[in-house]
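Participant: What follows is a structure written as structure tokens; I'll ask about it next.
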Amino acid sequence: MTRRPGLYVGGVTLLTLGAFPLFWMLSTALKRSDEIFATPPRLVPAHPTLENFWRLLTETNFVVFFKNSVLVSAATVALTLTVSALGAYALTRYRFCGRDTVAGLILLTYMFAPIMIIIPFYILVKQLGIVNTRLALVLSYTTFCLPFCLWLLRSFFESIPLELEEAALVDGANRRRAVWHVVLPLALPGLIAAAIFTFILAWNDFLFALVLITSDEIKTLPVGVNDLFNATIVDWGMIMAAGVMITAPAVMFFVAVQRHLVQGWGAGGVKG
Amino acid sequence: MAISRRHFLAGTAVLTGTAMLGRAPAALGQIRELQVWHTEVEPQTVKVIQDTSIAEFERKFPGFKVKQQALGWGDLNTKLLASIAAGSPPDLTHLNPFMTASLYVKKLLVPMDELIRAIGENDIHEATLKLQYFDGKYYGVTHAMGSTYFAERRDLREKKGIKPPETYDDMLKLAAALTEGGRYAVQMPGEKLYMGFVHPAEWLAGNGGSWVDPKTYRPQLNSQAMIDALEYAQKLNKFMPGGWSGQKYLDTLAALSTGKIAMAYLSGARTIGYIEKYAPENMRDPEHFMPMLRPHGPSGRVGISALDGENWAVFTQSKYPNEAFEFLKLFYKKEYYLQYCHSVPIHLTPIFKSMLNDPEYLANPRIKKWRPWHDTMVSGLKAGRFLPIGFSRPEDNLVPFLAELDGSGIVADMVVEVMVGGKNPKAEADKAQRRAEELLTQLGFKRWS
Amino acid sequence: MRKQALTGWLLLAPSLLLLGGLVVFPILYNAWLSLFDKHSFLPAQAFVGLKNYRYFAGDEEFWNSVYYGTVYSGATIVLQLAVGVPAALLLNEMFRGRDFLRGVVLFPYLIPTIVAVILWKWLLNDSYGLVNHLLLAAGVVSAPVAWLGKDFIMWSLIVTSVWQFFPFVVVTYLARLQTIPPELYEAARVDGAGAWRRFVHVTLPQTRSVLFVIVLLRSIWMFTKFDTVWLMAGEGGVSRYIRTLPVYAYARSFTYLQAGMGAALAVIMFVMLIVATAAYFRVFRREEALS
């Protein structure tokens, strides 16, 4: 394995590309106001301070937004995984007419961007009487995660040989146990990949939260942070602190499970 | 994987349940909520309202809780309309003055004559009293007034020996003189609302023009008044920083305070907060920073600038209209109202004539220090130099589609193309006129032939 | 067999219910709504048939938004590939820190759009932004560039979007790269092929189908992207220069307050995508790549 300088140059470029903006965000978050507006800007703060974070947590509703985002994202993951696992299983393990049409329809729903369905969705949500509730968000996030999860899990289930389940059934297990103990563990990478993507999509959504939620107590992070950004005094330090606090959990969570992720993407479908 | 199936299913149920319960407002038990929306997002203002009017209201009306929501100005219209569509608007809210007529015409507002009389009809300043007076009744009352104007570096202008500009030409000469050494003379906010609605309204008002023909409602975007103003704006653009259209109103205040520009095009008393925070210490005073009224155009008499002041309104669909009015009576109670206005001094100027010269009001430290700013507003009001935001003439309070015109961005597009794009003013004005006529026809307001 | 089918449908039912209620219904409702003149929030409405569509055919703003949308999606896809594919190739090689780098390269994708936009607006700020500072210090420009002003806002938007989404290309492409049998490369090396020829003759053919998928999906998503574009210029006057079709549809519904017209734009977008996708498939004849 010869050491090629080009490789390391490329590696460093990639590292800078991926991580530097985030580093800059962190650096700004740790600066005092006078340093933030200083020219020339310093890479590392001369007098690092946690006051931006402190102000963020005590003077704004950030904690409430954070709580809402966590609740909504977790609920979306739970709901989407359950429903899509059931559905994907049905699509791969059962024979029934129309099965392939349904699979094709799933692809079709990919072509609907959220912006296209926002008004009818709003009206639907109004009819159901759930405007301005977290449930409305959970349901709307499920709409964009479900097709993808169905597709992803379908590929995974397809790649698990039927014989394994048959073997379990022959051993006297009923179908449910066969699934639980045989199929799901093998499909675990796919489930994790689906869970990560669903979580990230729900965590990051802006449009639906903007339109469906009006009161501060239910707002999620993206909309809450946008409010801060448009507030009376633009406080770059505090905004960057908010950015750090939103990004950190997603990044940490991801770093912890990233190995499964690449596997998951390799075998199944993909979404961006 | 060690999670047992039972735990997983239970977890799902709990999460979904919690998500479902996140319903606002909570309407359990005997507590009734009075929903009050407003646009004063400063934490100290929210606190003052909570500690004064809300506290007393809840004492007087046990069984009621007041829920105040401070909304950003930009969000207000969308949220309000969405809530009306959902059949549950707030009980009491701020409205942009140019929205009120629109809602009145759709029969969504409740008259408030009794409230106006209770708080002192004759004491309310003429500049705001009749703004929401339709068909013989009052449908709104202004929460506080805040005048806007240029904020200038008076010291720089006086060093050049130039008088405050009265005409467009004066202004251009001043701008040319003050653009030097890396500093620009002036900067306009880049938001569509300001550069594409509020300021064009001011130009029309200060140049003898108006948004629409009063009888037929035909838009007049390609009137000579507008074209003159566009030409003026195009020339003024040379003296503004190149990236102004991508920056915001608050950025201009920061730029003024840090010396990057000599005049902020749009400024209210909020600028004082920026000056106190970001200007060099030895310059934080009215000798250096002062308001300056606007110049007029060739066909106008005096320059007009916007008077910021949302009005309270109550909806026909409101759940507790009577309690809303009772709350407002407490809001305007002198001792509470004074504290409210002091929470953002000078920016929130009382609507009552008696309070404008009241020593107790004037004793506030910031008002004392920046007294010339307050005086400019008072004398400006007397001289009729202000019109409510978005109005091109006083009667615009009756025009029912200003909100839609603003929202369409037609005027903003025209201004941006002329100022930043350098296009021909008449051509762009004609294009905007066509689009506006189409829009109003689509909305059903066409009365011209 | 029947019992099998029944269970199958039962298991699929929740998915169908959610998809039907939350996706199919809104889409059909959109199509229906587009035939009306309706105020977004008030009950007034009137049936007008295809009038909204005829209006847009002649609407300069509509064609502007198609133009901006095409420029935006075209440029971002090309650049996402131009950055993502080499990055994936790099990450396919063995070197120290590779696994760590694989994780890092995904960061831009993980953060909410609002954070990415705020971050880049801060970097590109003409007075205090780092980018201008570096350009000035390196002597590349003599005065701060207004990245968020009229002339460059589209570019700033493109840069932000490429940064945000190139990791998708990286991971997808990399996953496929990892499944290419090393023997193929060995054979090529034995034949005397250098790195570039190995890429052209081994890698590209092997990854054609995944590239097909990447371009298809990214095209769909960049063409219909709303939040990045809308947040970039927000309520500023310059938003006019990045008013893509999804943003125009949103404006018609929520600021012009004409729900019927917004719905018509959404339907137009959908039809455009279907047509483009069908053409794409026909040209590349790769239906099996997606099953």
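The values are calculated or read from the model by the stated rules, or taken from the named source; none is laboratory data. From a predicted model like this one, the values you see are computed outputs, not experimental measurements. Cβ atoms come from the backbone with ideal geometry, glycine included; neighbour counts cover every protein chain shown.
Participant: Looking only at region C:145-154, which residues are farther than 12 Å from C:SER127 by Cα, at pLDDT 85 or above and crowded, with 23+ Cβ neighbours inside 10 Å? Give the steps one after another, and end with the answer.
Facilitator: Start the filter on region C:145-154 by keeping residues that are farther than 12 Å from C:SER127 by Cα, which leaves C:149-154.
Pick out the ones that are also at pLDDT 85 or above and you get C:152-154.
Hit for region C:145-154 is C:ILE153, nothing else.
Participant: Return yes when A:ALA167 is touching a Gly at 6+ places or on another chain (Cβ under 8 Å), among the small types (Gly, Ala, Ser) and away from chain B (no Cβ under 11 Å) and no when it is not.
Facilitator: So A:ALA167 fails the test.
Participant: Any idea which of C:VAL83, C:VAL48 is touching a residue at least 60 places away in the same chain (Cβ under 8 Å), more than 14 Å from chain A (Cβ to nearest Cβ) and either within 24 Å of C:VAL215 (Cβ to Cβ) or touching a strand residue (DSSP E or B) at 6+ places or on another chain (Cβ under 9 Å) (or both)?
Facilitator: Among C:VAL83, C:VAL48, only C:VAL48 is touching a residue at least 60 places away in the same chain (Cβ under 8 Å), more than 14 Å from chain A (Cβ to nearest Cβ) and either within 24 Å of C:VAL215 (Cβ to Cβ) or touching a strand residue (DSSP E or B) at 6+ places or on another chain (Cβ under 9 Å) (or both).
Participant: Of B:GLY146, B:GLY161, which residue is out of contact with any helix residue (DSSP H, G or I) (no Cβ under 6 Å at 6 or more places or on another chain) and on the phi > 0 side of the Ramachandran plot?
Facilitator: On the way: B:GLY146 fails: on the phi > 0 side of the Ramachandran plot.
Of B:GLY146, B:GLY161, the one residue that is out of contact with any helix residue (DSSP H, G or I) (no Cβ under 6 Å at 6 or more places or on another chain) and on the phi > 0 side of the Ramachandran plot is B:GLY161.
Participant: Considering only region B:165-184, I want to know if a residue exists there that is in a strand (DSSP E or B), of a type in the set (Val, Ile, Thr) and surrounded by fewer than 24 Cβ atoms within 10 Å (Cβ to Cβ).
Facilitator: First pass over region B:165-184, keeping only residues in a strand (DSSP E or B): B:167, B:180, B:183-184.
Add one more test, that the residue is of a type in the set (Val, Ile, Thr), and what stays is B:167.
Going one step further and asking which of them are surrounded by fewer than 24 Cβ atoms within 10 Å (Cβ to Cβ), we end up with B:167.
Looking through region B:165-184, at least one residue is in a strand (DSSP E or B), of a type in the set (Val, Ile, Thr) and surrounded by fewer than 24 Cβ atoms within 10 Å (Cβ to Cβ).
Participant: Also: Name the helices (runs of 4 or more DSSP H) wholly inside region A:1-73 in which the number of residues that are assigned by TED's automatic domain parsing to the domain that holds A:ILE200 and in contact with a helix residue (DSSP H, G or I) (Cβ under 6 Å, 6 or more places away or on another chain) is 1 or more. Lay out the reasoning, then the answer.
Facilitator: Values: elements: A:5-29, A:33-36, A:51-59.
Of the helices (runs of 4 or more DSSP H) lying wholly inside region A:1-73, those with at least 1 residues that are assigned by TED's automatic domain parsing to the domain that holds A:ILE200 and in contact with a helix residue (DSSP H, G or I) (Cβ under 6 Å, 6 or more places away or on another chain) span A:51-59.
Participant: OK, next. Looking for whichever is touching a residue at least 24 places away in the same chain (Cβ under 8 Å), out of contact with any strand residue (DSSP E or B) (no Cβ under 8 Å at 6 or more places or on another chain) and within 11 Å of chain C (Cβ to nearest Cβ) here; the options are A:SER69, A:SER33. Which one fits? If you could, list the steps in order and put the result at the bottom.
Facilitator: Numbers: A:SER33 fails: within 11 Å of chain C (Cβ to nearest Cβ).
After applying the criteria, what remains is A:SER69.
Participant: Also: Kindly indicate which of C:LEU217, C:LEU290, C:LEU204 is more than 29 Å from C:LYS150 (Cα to Cα) and at pLDDT 85 or above. Outline the logic, then answer.
Facilitator: Values: C:LEU217 fails: at pLDDT 85 or above; C:LEU290 fails: at pLDDT 85 or above.
Exactly one residue qualifies, and that residue is C:LEU204.
Participant: Further question: Where in region B:231-350 are there strands (runs of 3 or more DSSP E), lying fully within it, with 1 or more residues that are touching an Asp or Glu at 6+ places or on another chain (Cβ under 9 Å), buried (at least 22 other Cβ atoms within 10 Å of the Cβ) and in contact (Cβ under 8 Å) with a residue 12 or more places away in the chain? Please lay out each step first, then the result.
Facilitator: Details: elements: B:261-267, B:289-292, B:305-308, B:311-313.
Because the criterion is at least 1 residues that are touching an Asp or Glu at 6+ places or on another chain (Cβ under 9 Å), buried (at least 22 other Cβ atoms within 10 Å of the Cβ) and in contact (Cβ under 8 Å) with a residue 12 or more places away in the chain, the strands (runs of 3 or more DSSP E) in region B:231-350 that meet it are B:261-267, B:289-292, B:305-308.
Participant: Hey, can you tell me all the residues within region B:378-408 that are of a type in the set (S, T, N, Q) and closer than 27 Å to C:GLY237 by Cβ? Talk me through it step by step, then tell me what you get.
Facilitator: Step one: filter region B:378-408 for residues of a type in the set (S, T, N, Q), giving B:379, B:392, B:397, B:408.
If the condition is that a residue be of a type in the set (S, T, N, Q) and closer than 27 Å to C:GLY237 by Cβ, then B:SER392, B:ASN397, B:SER408 are the ones that fit.
Participant: Find the helices (runs of 4 or more DSSP H) located wholly in region C:139-237 whose residues include 1 or more that are within 14 Å of chain B (Cβ to nearest Cβ) and touching a Lys or Arg at 6+ places or on another chain (Cβ under 9 Å), and list them. Before the answer, list the steps.
Facilitator: Working: elements: C:153-177, C:182-190, C:195-198, C:204-223, C:227-233.
In region C:139-237, the matching helices (runs of 4 or more DSSP H) lie at C:153-177, C:227-233.
Yes or no, residue by residue, for (1) at pLDDT 90 or above; (2) under 18 Å from the mean Cα position of the chain (by Cα); (3) not in a loop (DSSP other than H, G, I, E, B):
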site: B:GLU360; (1), (2), (3): yes, no, yes
site: B:THR376; (1), (2), (3): yes, no, yes
site: B:LEU387; (1), (2), (3): yes, yes, yes
site: B:GLY407; (1), (2), (3): no, yes, yes
site: B:VAL418; (1), (2), (3): yes, no, yes
site: B:GLU428; (1), (2), (3): yes, no, yes
site: B:ARG435; (1), (2), (3): yes, no, yes
site: B:LYS446; (1), (2), (3): no, no, no
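Participant: Hey, among the residues in region B:141-158 that are under 23 Å from B:PRO400 (Cα atoms) and assigned to a strand (DSSP E or B), which one's nearest to the chain's Cα centre (by Cα)?
Facilitator: B:MET145
Participant: Taking region C:119-144, which residues are touching a helix residue (DSSP H, G or I) at 6+ places or on another chain (Cβ under 6 Å) and surrounded by fewer than 22 Cβ atoms within 10 Å (Cβ to Cβ)?
Facilitator: C:GLY129, C:LEU130, C:VAL131, C:VAL141, C:PRO144
Participant: Can you tell me which residues in region B:119-140 are under 19 Å from the mean Cα position of the chain (by Cα) and part of a loop (DSSP other than H, G, I, E, B)?
Facilitator: B:HIS125, B:LYS130, B:LEU131, B:GLN132, B:TYR139, B:GLY140
Participant: Right, next: For the structure I just gave you, tell me whether C:LEU136 is within 30 Å of C:ILE220 (Cα to Cα) and free of Cβ contacts under 8 Å to residues at least 24 places away in the same chain. Steps first, answer last, please.
Facilitator: Details: within 30 Å of C:ILE220 (Cα to Cα): no; free of Cβ contacts under 8 Å to residues at least 24 places away in the same chain: yes.
No: the conditions fail for C:LEU136.
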